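Worksheet: one structure, shown below.
FYI, it's all coordinate maths here, none of it is from the lab. Being a predicted model, the structure only gives us computed values, none of them experimental. Positions of Cβ are backbone-derived with ideal geometry, glycine not excepted, and every protein chain shown enters the neighbour counts.
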């Protein structure tokens, strides 16, 4: 089984580590425009060999794990080059644009649109973690458009690395993921920005920051190269969530301005039941 | 050494556990208006005996760990009742109001205003954790107003439980803590609210939430009884941070509306250096 990973970062690298463990016979090939990432992936044992796009005709599985803007073009190229029995999957955080772009590709049935919901705020091959996907959810979109045998091949990989599968149409995926993932990144980046701007001349103030601040601002360490294209591709949904979030913050502000701390208490109490909702979601990746 | 803990929650309970470990001769007394918390604290070995305010004349140290609105009244009462050699300290997240309220108390020199920056999103005696304060920062305000011998007594306790001490005036404390703690709680509560409101009819959508969402929304599990009074007491500073935060979010929204994803990239890149700033802050309490 020849597995090609295109994009040797956190997501692709972690998949490679789990596939190596679960499929002893797998040969892992890596492709990345960043030469340093290729060397690191070789050193870290993430891949067996560096490869190029010309080698793709011998691929059994190709995993495309690059930023979502580049992914569309890369997936098209990959589909052009693979043999008729290869499985090509992307792992991006937006699904509508890529599904639309590949809809009429002659090898559409070789492609599976997936979104393994796992990660950390770090990036690059050094951020790759074994067991990152254990117990996590993988959203598969437009499954009916993928050849049945290739669906089976993908499901075997995901089952062995411990993922739960959920099927969803691409439009719904992008709408809901804006709320439970993309908005969190904006709230965190802007929180980081607000505090850094204010405290730029008083760096030792950060000694006062506790674990609560660290937790809310953690995602502000995320890669702009990954996230700017996500916001761009999911613009409509992200703007909707962002506007609702700003509205809620403004309402909170107005409650404070008119000293209605009883209503603020009730608001917080109502939101407290996020405890139950979050049961089962791991605190840390 | 008779140590009284008034308010047997996460903060007071955790202090009691560490004091018991480090001071073998300490007798720990607990006072709480919540009878169930008193029973739990006895069962969990957090305190040796339940006590009442009438017992305070035999106290060596009194730790007042109740919500900041109640704390002012309780500290006044405690100072009225303790002997001349007792140390009374509060541990609240706002310092100006309590320092002002106690400024002219005849036993002001028995009082030390502290803010141990540690905690989790949970509350009550069952949330108490040993070693919660290890390596964390404790802000002490208006230290010069406390009797020197009582300062020494407090510092011995804080040193033994592993805290770093920083001195600050109460006004500066409240200003900076609004940025690095209070604002995080609002951003998290409103993020939780936004997502719950939107997804209330589609609860299984939360299966899509990953560790990133869990991390940014963690503080939305915090106790409203603790946080509403903090926002009230620190209203001016909190409003200032909230307004700046809303402004930054609005600016982000405008960049998205005019498709300026290059500027969005740069904004995120600039904020990324929060990585360095956060070095040394523990991810989890």
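With Cα atoms defining each centre, segment B:125-170 and segment A:1-59 are spaced 51 Å apart in the structure.
Nearest 5 is fine: what % of DSSP beta bridges in segment B:40-197 come out antiparallel, could you say? For segment B:40-197, the DSSP antiparallel bridge percentage is about 25.
Take the alpha carbon gyration tensor of segment A:173-278, find the square roots of its eigenvalues, order them as a ≥ b ≥ c, and report rounded if a/c is under 1.5; if not, report prolate when a/b exceeds b/c, else oblate.
Working: a/c = 1.70, a/b = 1.07, b/c = 1.58.
Oblate, since a/c reaches 1.5 and b/c is not below a/b.
A point 7 Å from Cα along Cα→Cβ stands in for residue A:260, and the other copies hold the same point at 3.5 nm, listed in rising order. Against chain B, whose longest principal axis comes from its Cα atoms, helix B:235-257 is set at around 20 degrees.
Treating r as the C-beta distance of residue A:197 and residue A:251 and R0 as 25 Å, the FRET efficiency rounds to 0.55.
Please state, to two decimals, what the Cα-based radius of gyration of segment B:39-103 comes to when divided by 2.2 N^0.38 Å (N = residues).
On the way: Rg = 12.7 Å, N = 65, 2.2 N^0.38 = 10.7 Å.
Taking the Cα Rg and dividing by 2.2 N^0.38 Å, one obtains 1.18.
Restricting attention to the protein assembly as shown, close to 15% of DSSP beta bridges with both partner residues there are antiparallel. Taking the C-alpha atoms only, the angle from helix B:148-160 to the longest principal axis of chain B is near 60 degrees.
Remark: spin-label model distance residue A:25-residue B:155 equals 7.1 nm, labels positioned 7 Å along the Cα→Cβ axis. Residue B:45 label point (Cα plus 7 Å toward Cβ) to equivalent points in the other copies: 4.2 nm, shortest first.
Once the Cβ-Cβ distance between residue B:84 and residue A:263 is put in as r, and R0 is 51 Å, what FRET efficiency do you end up with, to the nearest 0.05? Please report the intermediate quantities before stating the final value.
Values: r = 44 Å, r/R0 = 0.86.
Efficiency, from the Cβ-Cβ distance: 0.70.
For chain A, give me the percentage of DSSP beta bridges that are antiparallel, rounded to the nearest 5 percent.
Given both bridge residues lie in chain A, the antiparallel proportion sits at roughly 15 percent.
The C-alpha atoms of chain A define a longest principal axis, and helix A:183-198 lies at about 50 degrees to it.
Among the residues of A:263-269, the average count of other protein chain beta-carbon atoms within 10 Å of the residue beta-carbon is 6.
Over the Cα atoms of segment A:2-169, what is the Rg over Rh ratio if Rh follows Kirkwood? Don't jump to the answer; show the numbers that get you there.
Values: Rg = 14.3 Å, Rh = 15.5 Å.
A ratio of 0.92.
Between copies, the label points of residue A:235, set 7 Å from Cα on the Cα→Cβ line, lie 4.2 nm apart, reported in increasing order to one decimal in nanometres.
Compared with the direct C-alpha span, the chain from residue A:70 to residue A:55 gains 3.4 nm at full extension, assuming 0.36 nm per residue.
Considering only Cα atoms, the convex hull volume of the protein assembly as shown works out to 152 Å³ per residue. Diffusion coefficient of chain B by Stokes-Einstein, Kirkwood radius over Cα pairs, 20 °C, 1.002 mPa s: 104 µm²/s.
Rounded to the nearest 0.05, what FRET efficiency is calculated for residue B:130 and residue B:104 with R0 set to 41 Å and r the Cβ-Cβ distance? Given R0 = 41 Å and the Cβ-Cβ separation, E is 0.60.
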